[in-house]
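One structure is given here, and the rest of the page talks about it.
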Amino acid sequence: MVESMSLVKVGSLSQLPADSVTEVTLGNDTYALCNVGGRVTAIGGTCLHRGGPLGQGALHGNNVVCPWHAWEWDCQTGANDFDPSQKVPTFTVQVDGDDILLEVPERA
């Protein structure tokens, strides 16, 4: 079965300045939106270590730092900085004018 995807507006570029991260919740799912030097990306919002809220963390270069225990995750690949075999999911982002659109699976 092929999963259908849809673009959902999750924020505004004007509210996500360069070199910042924010948390977005859609239903039961959370995402971390990263703006690294003007490039907006999205990863799963839950740290694999202890479930910390990645979107409430801070950026350290290209990584978002979990606010609970300082685990770092690459904003583009989702890979952990210490053990790249551990990854949070990544999601496609499109910027249309000031709108930030996130590609997420459609719910049946």
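Values quoted throughout were computed directly from the atomic coordinates according to the rules given, and no laboratory measurement underlies them. Not measured: the values here are computed from a predicted model. Neighbour counts run over all protein chains shown; Cβ positions are idealised from the backbone, glycine included.
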*For the range 12-108, which chymotrypsin sites (Phe, Trp or Tyr not before Pro) are both in a DSSP coil and crowded by at most 10 other Cβ atoms within 10 Å?*
82
_Let me make sure I get this right: for the range 20-66, a, b and c are the square roots of the gyration tensor eigenvalues over alpha carbons, sorted descending. Under 1.5 in a/c it's rounded, otherwise prolate if a/b > b/c, else oblate. Which is it?_
oblate
_Show log10 I(q)/I(0) for the range 5-101 at q = 0.17, 0.24, 0.25 Å⁻¹, two decimals, from a solvent-free Debye sum over equal Cα scatterers._
-0.64, -1.26, -1.35
*What is the distance, in nm, between label points placed 7 Å from the Cα along the Cα-to-Cβ direction at residue 23 and at residue 94?*
2.8 nm
_Under the 0.36 nm per residue contour assumption, what length would be gained going from the current alpha-carbon distance of residue 68 and residue 50 to full extension?_
5.7 nm
*Can you tell which of 65, 95, 40 shows the greatest fluctuation in a Gaussian network model of the chain with Cα springs below 10 Å?*
95
*Working out 0.36 nm times the residue gap between residue 58 and residue 85, then minus their Cα-Cα distance, what length gain in nm do you get to one decimal?*
7.5 nm
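What size of dipole, in debye to the nearest 20, comes out for the chain about its Cα centre when the only charges are +1 on Lys and Arg C-beta atoms and -1 on Asp and Glu C-beta atoms?
160 debye
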*Which of the GluC sites (Glu not before Pro) across the range 36-108 are loop residues per DSSP, with 12 or fewer other Cβ within 10 Å?*
106
*asked:* If I stretch the segment between residue 13 and residue 106 completely, what's the gain in nm (0.36 nm per residue apart, minus their alpha carbon distance), one decimal?
replied: 31.1 nm
